[in-house]
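Below is one structure, written out as structure tokens; the observations come after it.
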Amino acid sequence: MSGAAPAGPGFGPREFQLVLLRRMADHQPGLVEDARHELGATPAEMREANRRWQAMVRAPRGRGALRRYRSVLGEPESAGRRVLGDLEFDVLLWPVPLWPELRFEVMVAPGGAVWNEWLVRARGAAEPVLRTVDDLVPWSCTVDEVARAFAPARPMEGSAPTRFALRVGSGAGACVAEFTWGLLPRVGPGGGGGLGRRRAGTCRPGALKRRTGWFRHAGTDPAGPRRPQAPDGLVPPAGTDPASPRRPQTPSGLAPPPRH
């Protein structure tokens with residue numbers, strides 16, 4: 001894949017980390033403040049980085065998601081392939097200096113559409129020991145780690161864009177672990193709506209369907225093997241954008257995708 005033009009003066013990996021922190025600040029302001037100081041950034045710089053990122057995302061004639069990540073983060077540290085049934089996805093990984101043990105992962109579907117993007121554990125990095133809910137410490141674990149440790153965990157829609165949730169346990173002991181950009185910031189009660197309750201108009205259309213499909217591949221969905229429908233709203237319908245075909249359906253009953 002070819003490289004992309006720079007996102008603009010002064011917007012690179014440091015600013016992208018500020019974008020990640022901006023959403024995380026909603027639930028962990030103390031941790032975010034410490035991380036912001038580590039980056040040597042002011043609150044105004046964090047707000048400006050987020051403003052510029054949102055402008056890039058929403059620009060009517062802006063570059064696609066993959067080109068945007070390449071323009072901001074540069075060439076990935078590593079690239080590989082992940083096979084799900086008869087589909088083969090490109091998997092790109094970038095380092096995140098604030099979290100040396102993590103990588104920012106982007107999965108790219110055939111045709112160039114970004115299928116998923118979030119933080120994952122780096123290959124070879126020590127994983128957290130997750131035995132009980134008390135082990136779910138903010139910023140200690142990623143979505144797939146919690147899903148494996150507390151299987152079967154039920155995917156839920158997050159309370160805002162870039163958020164995702166898992167309902168862990170059952171009955172009175174159930175709780176909801178919510179993730180921002182794939183990293184855990186908080187755990188709350190699982191009864192009723194919990195943390196995963198959707199707020200109208202806050203989530204991208206099809207986001208839950210897309211990630212629920214991933215969990216069916218990982219074997220963490222108690223609903224069993226079903227073929228999820230291609231979510232509308234994430235990419236243009238086939239024929240409207242040659243670089244972004246309609247999201248393909250993901251076949252069911254597969255082994256978990258290899259971790260990076």
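Brief remarks on what is shown
- Projecting the Cα atoms of His37, Trp53, Met24 onto the dipole axis of the range 1-104, where Lys and Arg carry +1 and Asp and Glu carry -1 at the beta carbon, places Trp53 farthest toward the positive end.
- FRET E, pair Arg123, Ala160, Förster distance 51 Å, beta-carbon r, rounded to 0.05: 0.95
- Selection of trypsin sites (Lys or Arg not before Pro), the range 34-81, meeting DSSP coil and at most 12 other Cβ within 10 Å: Arg61
- Site pair Arg47 and Thr132 shows an inter-label distance of 4.3 nm when each label is modelled 7 Å from Cα along Cα→Cβ.
- From the alpha carbon centroid of the range 12-61 to that of the range 94-146 is 19 Å.
- Other residues whose C-beta falls under 10 angstrom from the C-beta of Trp53 contribute a net charge of +3, scoring Lys and Arg +1 and Asp and Glu -1.
- Net length available on complete extension from Arg81 to Glu38 is 12.1 nm, with 0.36 nm assigned per residue and the Cα-Cα distance removed.
- For the range 35-50, the Karplus equation 6.51 cos²θ - 1.76 cosθ + 1.60, evaluated at θ = phi - 60°, returns couplings of 5, 4, 4, 4, 7, x, 10, 8, x, 5, 5, 5, 5, 5, 4, 5 Hz by residue, with Gly and Pro reported as x.
- Cβ charges +1 (Lys, Arg) and -1 (Asp, Glu), total dipole of the range 1-119, debye: 580
- Sulfur and carbon atoms: percent of accessible area, the range 27-148 [1.4 Å]: 50
The values are calculated or read from the model by the stated rules, or taken from the named source; none is laboratory data. A quick note: this is a predicted structure, and the numbers were derived from the prediction, not measured. We place every Cβ from the backbone using ideal geometry, glycine too, and count neighbours over all the protein chains shown. To get the accessible areas, we keep the full protein, side chains included, count just its heavy atoms, and leave off ligands, DNA and RNA. Shrake-Rupley method; radii C 1.70, N 1.55, O 1.52, S 1.80 Å.
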